[in-house]
1. Quick one: is A:Ile447 in contact (Cβ under 8 Å) with a residue 12 or more places away in the chain, closer than 30 Å to A:Thr527 by Cα and crowded, with 22+ Cβ neighbours inside 10 Å?
2. Can B:Leu145 be described as touching a helix residue (DSSP H, G or I) at 6+ places or on another chain (Cβ under 6 Å), part of a helix (DSSP H, G or I) and under 25 Å from B:Ser189 (Cα atoms)?
3. Read through the list (1) facing chain A (nearest Cβ under 7 Å); (2) surrounded by 20 or more Cβ atoms within 10 Å (Cβ to Cβ), then give the number of the only condition that B:Leu129 fails.
4. Could you grab me the full set of residues in the stretch B:349-391 that are free of Cβ contacts under 8 Å to residues at least 60 places away in the same chain and part of a helix (DSSP H, G or I)?
5. Please go through the stretch A:468-482 and give me each residue that is part of a loop (DSSP other than H, G, I, E, B), aliphatic (A, V, I, L, M) and facing another protein chain (nearest Cβ under 7 Å), ordered by number.
6. From the list A:Val308, A:Val314, A:Val330, which one is surrounded by 16 or more Cβ atoms within 10 Å (Cβ to Cβ), more than 30 Å from A:Pro457 (Cβ to Cβ) and of a type outside the set (Lys, Arg)?
7. Would you please name the residue that is farthest from B:Gly237 (Cα to Cα), looking only at residues in the stretch B:247-261 that are assigned to a helix (DSSP H, G or I) and of a type in the set (A, V, I, L, M)?
Amino acid sequence: MTTTLEKAAEPIADLSPAPRVRQRKARDTSVIILVTIVVIVLLLLIGYPLITLLGAAGSEKGLAALGAVFTDPGNLRIIGNTVLLGLCVGVCGTLVGFLFAYAQVRLQFRGKKALHLLAMIPIVAPPFAVATAVITLFGRNGMVTNGIFGWQADVYGLPGLVIVLTLSFFPVSYMNLKGMLESLDPSLDEAAAGLGASKLRTFFSVTLPMLVPGLAGSFLLLFVEGIADLANPLVLGGDFTVLSTRAYLAVTGEYNTAAGAAYSLVILLPAVLVFLVQRYWVSRKSVVTVTGKPTGTTELIAASSIRVPVLTLVGLLSLFIVMIYATVLVGGFVKVPGVNNEFTLDHFTFVLAGIGSKAMVDTTVLAIIAAPVGGVLGMVIAWLVVRKLGRMAGVMDFIGMLGLAVPGTVLGIGYALAYMTPTTVFGVQILPALAGGSAAFAGGLAIVMVYITRSLPSGQRSGISSLQQIHPAIEEASTSLGAGSGTTFRKVTLPLIQTALISGVTFAFARSMTTLSPIVFLTTPGTKIMTSQILAEVESGRFGNAFAYCTVLIAIVLCLILLFNVIIRKVVFRGRTHRR
Amino acid sequence: MAARTAADTSTIGLSELDEFRTDEPTGRITLRSLTKRYAGSDIAAVNAIDLEIRAGEFVTLLGPSGCGKTSTLRMIAGFEQPSDGEVRLDEFVMNTVPPNKRPMSMVFQSYALFPHLSVRENVAYGLRLKKTPEARLKEEVDTILTIMNLDAYADRAPHQLSGGQQQRVALARALVMRPKVLLFDEPLSNLDAKLRITMRNEIHRLQRRLGITSIFVTHDQDEAMTLSDRVVVMNRGRIEQIDSPDVVYRRPASVFVADFIGRANFLDASAVAMVAPGRMTVHVLGQTIEVSSHPDVTIDSKILLMIRPESVRLSPVEAPVDGADVRGDIGRVTNVMFHGDTVEYEIETASGSIIASVSDPSVSEILEPMAVVRVGLATDRGWVLPATDRD
């Protein structure tokens, strides 16, 4: 007993004559080191590329291009197109997401799990899957439009883009609104019913108003996805040019990076603005009280006045989604999808064993490197934000979230500009060139960095929300028993946020595997990435190969998600589970 | 279920306790003009308090929510940095010592057990951090689990235990570190009423045996009274009174303390004469009586006479008893509340409204509303306070 106490008292003895020392939390050196590392990493991941991009847009050539964006009639039409696309996707995606979420949470029907899975598929699917399938089914020679009805339909342009983007991005809105609907206190519905309101009336007078912030938030997120998407407009845009495709063309076709930066800036500003509004205004308006535990069980709605229309719509949409993904799956096994439907394994041979296999291996390896880094970095940032940073927490949270708020096209151009040449600080080279022809690791490092940047925010989000549910006293108890900040994080916090970590890593992996827009600016002949390979195949009309790529990619993502879960649960946490 | 109840009510294993005893009482805590101001607030949460806690003493910080008691405890633990002033352990200033290096252990209101670790691992956590050899660690953990009557639950997860058991694990986890000071942050307030009393008694016995200096934060006056050597009553960031429980109860330093601890009647009284320092005669309820008074009270003070409800004596009007302790005025019963062990009356008198508590009432003795009674005060129970500081 005495030995331990003397030990504790020893360092104190030196300090006793010193007068009061006022240092807020500054005594925790491990936290200072951690914050410094995180700040440097974030600077390299997001800060430097964005600053370079802003610099390029602010250069003479950039300013000229920027001026042209707002004066040239052609460019104004492009801006108009972009906004129109964003609005349509925002409205349609939110509606579809809401229908799915409402049916899932509130309606009584069989097959809820299937519906949930169906709504989640787009998250693991690469960006071209839907677009290519839609062309195959509904294009000029579409199996449905031409094959069955004999139309020469034109899916290229706005209508096709809206359909494809809605189907690709509605899961965002679905997840958002599902969470909100689930946390709505069912006693509110009961109260309304007790006051004599019918189910339909309750829906319009109680449920819907409570969801307004959620609906607005979903709309904004989808609006940004709509204006920032590059992949689908490239394939499906036709004459309908949007800002992202224009920027892509400027950089890769005209080699005019300053103009690319200028176009990027025009996408970046509304995207970040919408993100800010969504984060800090809509979320504050939210009247839904999230207590963390269900307050009761909702009685599922069986009334046909609501069930029949909602389920009919959801059923039709589901059918459509199933058809699309079935096309993706089947399309890989036929000679020329929609034209020559003869069975073949050529496409899969190409992807799995032929020239395409390099892309498969490269992409998977890079994503596997990036996912744990992104997931853990997200958790560390979340921990710093929730527990350690006080007033600076908001700043770090915002910078971390930029990876999501900044459109992929913009990020890619920023990377291409910033890391085309070696990075130097005060004349000392700290990084070799990461992008362009002479890039280190053939661009692999830059791609991993982009993957981390893009996937970090989701881990950060889930980390923050799960940390906020852990009572600070649990960490203080660890401190009180003699653990420093680092030990507490490792031994107590991390195991408690394992679910968030798993989902963070999983999502990071899925997101990395399916990311396209920033990657197209960074791939080099030495590194092949599946998504950009799919783009190449689609552009040259080899849909079969594209479908095979998509199927393989989805399969890899699903397999590795499963594997990640097992590894993290069984190895890292040794099967320890807990209930809170 | 039966097993759980039995374990909850069982007492701790006192025979093993001696292993944990210290040769001499540990840890003297000194607070010097300790102050805490939170960012964005002009009012100090803790306002320049001075406090000396003797080694081995059990001190309770008692007060309403927001009085600064928890902030004070957290500054002692090191979870909050003082804005001003200092915390000393023995002769060492602790201000710059991080919380994990202070030889103190805290027991939290929410228990704060690590949900991902078993009971045994929860208790072993701190020892593992100290790199205690495995054999010694096992021995220490086993001993403390036995003392706390938790052997049977060693391999369970915290969520499989009842509230009382969880609290004992939290206590075991703190004790196994052999701290110089034990800090309790409202540890009993999540328990139901009966269990709270059981745990209160266990903590009391344990602390008396071990002689570890203990600081206990609570807003429950019963806990403060039964556990403490001294009670520190706090209000608005300041200490109102530091005294033993009986003095705090019988001779509160202010109207606030009188009101916060137990219940009190404040009667308008007028000073008649100072008999001696701290003794005076006052006129109240139509009588002149001699009572003890607050040191600040002078013959010219505007005064209030504090009397606890149980010190009010009632007798029939028509048969005034001459007994020394029942004198006084006529009053009318306006409200009757039956509690079982006591019955309480609200009585209107010329000196103001009085609450009287009569213990062990029989059915025939209970007065009806509107009944007229003679109201008197028990001998030497009254306490005179200056009236000015009532807020």
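1. Numbers: in contact (Cβ under 8 Å) with a residue 12 or more places away in the chain: yes; closer than 30 Å to A:Thr527 by Cα: yes; crowded, with 22+ Cβ neighbours inside 10 Å: yes.
Criteria met by A:Ile447.
2. Details: touching a helix residue (DSSP H, G or I) at 6+ places or on another chain (Cβ under 6 Å): yes; part of a helix (DSSP H, G or I): yes; under 25 Å from B:Ser189 (Cα atoms): yes.
Taking the combined requirement at face value, the residue satisfies it.
3. (2)
4. Hits for the stretch B:349-391 are B:Val363, B:Ser364, B:Glu365.
5. Of all residues in the stretch A:468-482, those part of a loop (DSSP other than H, G, I, E, B) come to A:469-471, A:481-482.
Keeping just the survivors that are aliphatic (A, V, I, L, M) gives A:470, A:481.
A:Leu481, the sole residue that qualifies.
6. Details: A:Val308 fails: surrounded by 16 or more Cβ atoms within 10 Å (Cβ to Cβ); A:Val314 fails: more than 30 Å from A:Pro457 (Cβ to Cβ).
Going through A:Val308, A:Val314, A:Val330 in turn, just one is surrounded by 16 or more Cβ atoms within 10 Å (Cβ to Cβ), more than 30 Å from A:Pro457 (Cβ to Cβ) and of a type outside the set (Lys, Arg): A:Val330.
7. The initial filter retains those residues of the stretch B:247-261 that are assigned to a helix (DSSP H, G or I), namely B:247-250, B:255-260.
Within this subset, residues satisfying the condition of being of a type in the set (A, V, I, L, M) are B:247-248, B:255, B:257-258.
Working: B:Val247: 22, B:Val248: 18, B:Val255: 17, B:Val257: 14, B:Ala258: 18 Å.
Within the stretch B:247-261, the match that is farthest from B:Gly237 (Cα to Cα) is B:Val247.
Table: residues versus (1) part of a helix (DSSP H, G or I); (2) of a type outside the set (Ser, Thr, Tyr); (3) touching a residue at least 24 places away in the same chain (Cβ under 8 Å).
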| position | (1), (2), (3) |
| --- | --- |
| A:Val89 | yes, yes, yes |
| A:Lys113 | yes, yes, no |
| A:Met120 | yes, yes, yes |
| A:Pro126 | no, yes, yes |
| A:Met143 | no, yes, yes |
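The values are calculated or read from the model by the stated rules, or taken from the named source; none is laboratory data. These numbers come from a predicted model, not from an experiment. FYI the Cβ positions are ideal-geometry reconstructions off the backbone, even for glycines, and counts take in every protein chain you see.
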